[in-house]
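Undergrad: Structure incoming, see below.
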Amino acid sequence: MRSTAWFLFGIITSVASQDTGNHPDWPRWCGKVYKPDYPSFDPGGQTLPPTPDPLAPLLHVQFKPRYSLYLESEKTGEFIINAGISQFHGTHWGNNTSSNVEFHIKTTTDDKVLVGDSVPVNSTGNLFTFNLTDLTPSLSPIEVTLTYSSGPSVKTTLLYLPSKTSGSVTRIDNLNGGLHHLNAASNHTFKPILPYGFYASYDAFLALPNYSEAIQSYADLGLTGMVPLTHYPESASAFAYMNSIGLYYMFDLRENYTNQTWVREQVTAAAKDSDALFSYWSVDEPDGWQAPFSAPVETYNTIAKTDPYHPVSLVLNCQNYFFEKYSQGAADILMADVYPIGITESSANLSNSKWGTPCNSTYGDCGCDNCAGSVLDVSNRFDDLNQYEKWLGLWPKPKMFNPQAFHGEGYWARDPTAEESWVMVLLAINRGVKGVLGWVWPASEILAKAHGRLARVVSSIGEEEDGVVVGLLVEGKGPEKLSTEPEVKGVDAAGWVDKEGRKMLVSVVNTGEEGVEGMVELEVPGGSRVGKVVWDESGGSGDGEWEVKEGKLTKNGLKGMGTALVILELSM
């Protein structure tokens, strides 16, 4: 998310600090030069598929606390243990015929045993309960160590924090990747949230004399989240109003993130009695700016030490530029700027950027890194990020999507349509994103209403189906890719099943501009039936009804850029 003024200012001031990649003294974006005065070159920093280990198969043991933090008021916690068989990561398993791996989890400093058990080989997502009362609450992470019978020990950290009497707490579910939020309005009980809204301008929105009415109108559209582009003390009253109406917000620190004193002061102010705070936004596009690798990490550590009760979010811009360096140790949540709409019109089909250079994997900046200029750039980007974590053997971080809701700056010829916006958001949700925060507010009336409509369905607790959709997206098992049978080109679908196994949410997207003629059939669990169609912009030439027939969710035709969300009732 770059304004022209900010980008030009960055060219002048930040070239000297661009110390990652090749030719750091040249003007670059995502490691690539974008001016015709300079030749094309390999930017470096690509995450590539790993080479199979010659000792494979390998046993890859990983573990995490179920939640990123626990509170003193809780009596028990859980660990998640993965014991997968891998060609790339772990220790030699070879001809071992054992079907289980015995393990112990202890506190590192005093060897206090928290769990002793066994886990099936080639399994993931195994949960083991432990007593939090065996630990002492602390504002600092507690290191824990897992030892097992056939390999080296594995370490992670556990946050067991003193309970708060005011303000909010947000934690990450390391099993399903979603966010859970606690405050007085939730009766100090963690509830699933999926924040959906916009980055909101200070000058054109939050600084208005009638800011409270403006914020209320924003929330009345159905939007449930915001990233206010402002700070303390100038917007203390605006933050107070968001707290009073329960509008979840992510606090913006990116403007001065390298000044740790300023960061600490802002975090201290934001954390105090802030019922609606859910995360901090630490750094904006450090990969695009080629920021020093250490800078986001230093800021993350300052935030986490000052306020361990809320996660830290970071925005990535590049398709494949030092992903591990800019994500690990720098954030709890990864957001992605993917702005593909209108770049082909602005850039003459990506053959020439506004800077007068081609746009490809080694040259140029066309507003969306290594993009083709279609809605599929969104699904491709999140597929890439998820794939990089698998290649690197990393525990996946929660993802959020920053959809395009603007045009201009010489990069983007037009706004997305409402239909394109819905498609991009649901493509991202089909890849598991747990929040949607568009750039930028105020948006056009068309896009404001379009995003508000979808937000009411996917992010509002207590409205559509009494929060069933939020619960499925945040806490359900999924997303699992659903296939059309026979295959229908351009149709993207995913499903989530609730923890009781009684309901399934199905998201269906036609990524093509042309409609699909004839029956669209998706494989779903046998014995299921349509409970409720909570979102239907699927159109089509047929009767328009979603039905389950012979184990398939069916509809006669889909319009171009059509979307639907269907809740199925499953047989027990």
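Undergrad: Rounded to whole Å, give me the distance from the Cα center of region 282-338 to that of region 363-390.
TA: Computed from Cα coordinates, the inter-centre distance equals 18 Å.
Undergrad: Can you find, among ASN380, TRP391, SER361, the residue farthest towards the positive end of the dipole of region 324-413? Put +1 on the C-beta of Lys and Arg, -1 on that of Asp and Glu.
TA: Most positive-ward Cα: TRP391.
Undergrad: So what are the ³J(HN,Hα) numbers for region 260-272, from phi and the Karplus equation (6.51, -1.76, 1.60; θ = phi - 60°), rounded to whole Hz, Gly and Pro as x?
TA: 5, 5, 4, 4, 4, 5, 5, 5, 4, 5, 5, 6, 5
Undergrad: Once amide H atoms are placed 1.01 Å from N in the peptide plane, what residues at a sequence separation of 5 or more from TRP535, or on another chain, have their amide H within under 5 Å of its amide H?
TA: The answer is LEU565.
Undergrad: How large is the dipole of the chain about the Cα centre if only Lys and Arg carry +1 and Asp and Glu carry -1, each at its Cβ, rounded to the nearest 20 debye?
TA: 820
Undergrad: Just the Cα atoms of region 182-243, one point each, no solvent: what log10 I(q)/I(0) does Debye give at q = 0.22 Å⁻¹?
TA: -0.96
Undergrad: Highest mean first, how do 387-398, 550-561 rank when packing is the count of other Cβ atoms within 10 Å averaged over residues?
TA: For the peptides 387-398, 550-561, the packing ranking is 550-561, 387-398.
Undergrad: Hey, another quick one. Among GLY540, VAL509, MET572, pick out the residue whose Cα is farthest towards the positive end of the charge dipole of region 500-572, where Lys and Arg carry +1 and Asp and Glu carry -1 on C-beta, about the Cα centre.
TA: Going by the charge dipole, the pick is MET572.
Undergrad: Still on this structure, I have one more. Return P(r) of the chain (all Cα-Cα pairs; 20 Å bins starting at 0; whole %; ordered from short to long distances).
TA: 20, 54, 25, 0
Undergrad: Using a probe of 1.4 angstrom, how much of the accessible area of the chain is carbon and sulfur, in percent?
TA: 49
Undergrad: Could you give log10 I(q)/I(0) at q = 0.18, 0.19 Å⁻¹ for region 143-288, computed by the Debye formula over C-alpha point scatterers of equal weight, without solvent?
TA: For region 143-288 at q = 0.18, 0.19 Å⁻¹, log10 I(q)/I(0) is -1.13, -1.23.
Undergrad: Does region 446-498 come out rounded, prolate or oblate by the C-alpha gyration tensor, with a ≥ b ≥ c the root eigenvalues, rounded set by a/c under 1.5 and, if not, prolate when a/b is larger than b/c and oblate if not?
TA: The shape class here is oblate.
Undergrad: At a 10 angstrom cut-off on C-beta neighbours, averaged per residue, how do the peptides 477-489, 311-323, 141-153 rank from highest to lowest?
TA: So the order, starting with the most tightly packed, is 311-323, 141-153, 477-489.
Undergrad: Among 56-67, 327-338, how do they line up from the highest to the lowest mean number of other beta-carbon atoms within 10 Å?
TA: Listed from highest to lowest mean packing, they are 327-338, 56-67.
Undergrad: Still on this structure, please answer the following. Does region 341-472 come out rounded, prolate or oblate, given a ≥ b ≥ c as the square roots of the eigenvalues of its C-alpha gyration tensor, rounded meaning a/c under 1.5 and, failing that, prolate meaning a/b above b/c?
TA: It comes out oblate by the Cα gyration axes.
Undergrad: Let me ask something else about it. Please work out the average accessible area per residue across region 312-464, using the 1.4 Å probe convention, and give it in Å².
TA: Counting only protein heavy atoms, the per-residue value for region 312-464 is 30 Å².
Undergrad: Direction-averaged shadow area of the convex hull around the Cα atoms of region 422-572, nm²?
TA: Result: 8.7 nm².
Undergrad: Right, here's the next one. Helix-only mean residue ellipticity at 222 nm, the chain, DSSP H runs n ≥ 4 weighted -39,500 (n - 2.57), per residue, nearest 500. What is it?
TA: -6000 deg cm²/dmol, from helical runs alone.
Undergrad: Return a whole-number percent for the relative contact order of the chain, with Cα pairs under 8 Å and 6 or more residues apart as the contact set.
TA: 12
Undergrad: Can you compute the modelled spin-label distance between THR107 and SER571, with each label point 7 Å from Cα toward Cβ, in nm?
TA: Here the answer is 5.1 nm between the modelled labels.
Undergrad: A further question follows. If amide hydrogens are placed 1.01 Å from N in the peptide plane, which non-local residues have theirs closer than 5 Å to the one on TYR196?
TA: The list, which skips near neighbours in sequence, is THR224, GLY225, VAL436.
Undergrad: Please list the non-local residues whose amide H lies under 5 Å from the amide H of ASN100, H modeled 1.01 Å from N, same-chain partners needing a gap of 5 or more.
TA: Here VAL121 satisfy the definition.
Undergrad: Quick check for you: with a 1.4 Å probe and neighbouring chains kept, what is the accessible area per residue of region 117-176, in Å²?
TA: Value returned for region 117-176: 45 Å² of accessible area per residue.
Undergrad: Right, something else. Please state the relative contact order of region 105-246 as a whole percent: Cα pairs under 8 Å, 6+ residues apart?
TA: Reported relative contact order: 13 percent.
Undergrad: Would region 131-217 count as rounded, prolate or oblate if I go by the C-alpha gyration tensor, calling it rounded below 1.5 in a/c and otherwise prolate when a/b exceeds b/c, oblate otherwise?
TA: In terms of gyration-tensor shape, prolate.
Undergrad: Using θ = phi - 60° and the Karplus curve 6.51 cos²θ - 1.76 cosθ + 1.60, what whole-Hz ³J(HN,Hα) does each residue of region 435-446 get, with Gly and Pro shown as x?
TA: Karplus-based 3J(HN,Hα) across region 435-446 equals x, 9, 9, x, 9, 8, 9, x, 9, 4, 4, 4 Hz.
Undergrad: Each residue of region 120-135 in turn: what ³J(HN,Hα) in whole Hz from Karplus with 6.51, -1.76, 1.60 and θ = phi - 60°, glycine and Pro shown as x?
TA: With coefficients 6.51, -1.76 and 1.60, one gets x, 5, 6, 10, 9, x, 6, 10, 9, 7, 9, 8, 5, 5, 6, 10 Hz.
The values are calculated or read from the model by the stated rules, or taken from the named source; none is laboratory data. As the structure is a computational prediction, the values presented were derived from the model and not from experiment. All Cβ positions, even for glycine, are placed from backbone atoms using ideal geometry, and neighbour counts span all protein chains on display. Accessible surface areas use protein heavy atoms only, side chains included; no ligands, DNA or RNA. Shrake-Rupley method; radii C 1.70, N 1.55, O 1.52, S 1.80 Å.
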